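Any read-out appearing in this document is the output of simple, stated calculations on the displayed coordinates, not a laboratory observation. Just so we're clear, the structure is a prediction, and the values are computed from it rather than from any experiment. Here Cβ is always computed from backbone atoms with ideal geometry, including for glycine, and neighbour counts include all displayed protein chains.
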Amino acid sequence: MRVGSRWKSTVDTTEVMVIRGPSGDVDLRCGGHPMVTTATSGGNTLDPAFADGTQVGKRYVDESIGLEVLCSKGGPGSLAVADRPLALREAKPLPTSD
């Protein structure tokens with residue numbers, strides 16, 4: 001997976017950009033189906049097990065393989081690597097000032 005590459009869902013409107021990725025291939029999925037780099041008409045149906053949704057502007061990570069993606073278009077499908085869901089990356093807390 002190349003950093004900066006864009007991926008599109010085949011089941012909904014979700015689109016992501018790779019921020020950090022492993023050097024090898026990754027089975028990136030949305031809504032239970034593989035994501036693609038070129039627009040396709042899809043025809044797949046959303047798997048209810050992967051229907052938690054994605055949010056625009058949020059980062060999703062899989063720390064075990066070093067993958068981080070930024071959601072540029074949200075949708076009803078959730079992101080996963082194979083069958084392992086990606087976690088929403090929490091914002092780092094700002095330091096307090098006195």
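Quick look at the numbers
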{"item": "Residue count for segment 40-74, restricted to those that are without any contact (Cβ under 8 Å) to a residue 60 or more places away in the chain, among the hydrophobic types (A, V, I, L, M, F, W, C) and under 25 Å from GLY24 (Cβ atoms)", "result": "5"}
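Matching residues to (1) over 14 Å from THR13 (Cβ atoms); (2) of a type outside the set (Lys, Arg); (3) more than 10 Å from the chain's Cα centre (by Cα):
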residue	(1), (2), (3)
VAL26	yes, yes, yes
THR38	yes, yes, yes
ALA49	yes, yes, yes
ARG59	yes, no, no
CYS71	no, yes, no
ALA82	yes, yes, yes
PRO85	yes, yes, no
LEU88	yes, yes, no
PRO93	yes, yes, yes
